[in-house]
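Starting off with a structure, shown below.
The values are calculated or read from the model by the stated rules, or taken from the named source; none is laboratory data. Remember, predicted model here, so these are calculated numbers, not experimental data. Cβ placement follows ideal geometry from the backbone for every residue including glycine, while neighbour counts extend to all protein chains displayed. What goes into the accessible areas is simple: the full protein's heavy atoms, side chains included, and nothing from ligands, DNA or RNA. Shrake-Rupley method; radii C 1.70, N 1.55, O 1.52, S 1.80 Å.
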Amino acid sequence: MCTTADVILKAVTHRANPAAEPERRPALSPRRQTAIAQRPGTPPEPRQAAAPVEYAVAVDRYLADATLGAASRRVYRISLTGWAWALVGQRAPRGTGRRGAPPPVVPLALLDGAEAGRRLAAALADRGAEADPRTVNRELSALRSAVGWWQDQGWISGDPTAGLRHLPGQ
């Protein structure tokens, strides 16, 4: 039977020598560690992976690292793929063909080019004329999120979405 003195002695000994007992706190899950690392004000961890050359590969890497559910990941992929045409000065396919159309090959470096912001603004206006503002705003938010992540990785230096604004509407 432990006396009060034994309990106090054990607590004092533990504080003086924390290595005396093993850590009882369970390890954080990888998802929780990622969420903590992505908190505002937390500097991003340095990455060792080389920067991808192609936009589609950068999209794949972003989505692999993003803490998104399967349905959100699918919607983000569709949204981000849709912006690829704008980056090369083309219009994205319309209607049902938009989702299954293979995107053009786009060098990721185009995002740092002087024309990227202008091309994305034109695509935003074009898309806004045919789709619900909530859809267009969601697509723009997905692009902004990916661009921010790519900047954190050091893959691009500029932000071609800086001058873009959400469309008014619901």
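Under the rule a/c < 1.5 gives rounded, and otherwise a/b versus b/c splits prolate from oblate, where does segment 71-150 land using the Cα gyration tensor?
In terms of gyration-tensor shape, rounded.
Carbon and sulfur: what percent of segment 76-128's accessible surface (1.4 Å probe)?
Carbon plus sulfur share of accessible area: 57 percent.
Also, I was wondering about something else. With a cap of 16 neighbouring Cβ atoms within 10 Å, and only residues DSSP puts in a loop, list the trypsin sites (Lys or Arg not before Pro) found in segment 77-130.
Counting only loop positions with at most 16 other Cβ atoms within 10 Å, the trypsin sites (Lys or Arg not before Pro) in segment 77-130 are 91, 94.
Shifting gears a bit: Taking a ≥ b ≥ c as the square roots of the Cα gyration tensor eigenvalues, with a/c under 1.5 meaning rounded and otherwise prolate when a/b beats b/c, else oblate, which class fits segment 92-135?
Oblate is the answer for segment 92-135, as a/c is 1.5 or above yet b/c matches or exceeds a/b.
In addition: Is the C-alpha gyration tensor of segment 61-101 telling us rounded, prolate or oblate? Criteria: a/c under 1.5 is rounded; beyond that, a/b larger than b/c is prolate, otherwise oblate.
oblate
OK, next. Length gain on complete extension for the stretch residue 78 to residue 51, per 0.36 nm per residue less the alpha carbon to alpha carbon distance?
That works out to 7.5 nm of additional length.
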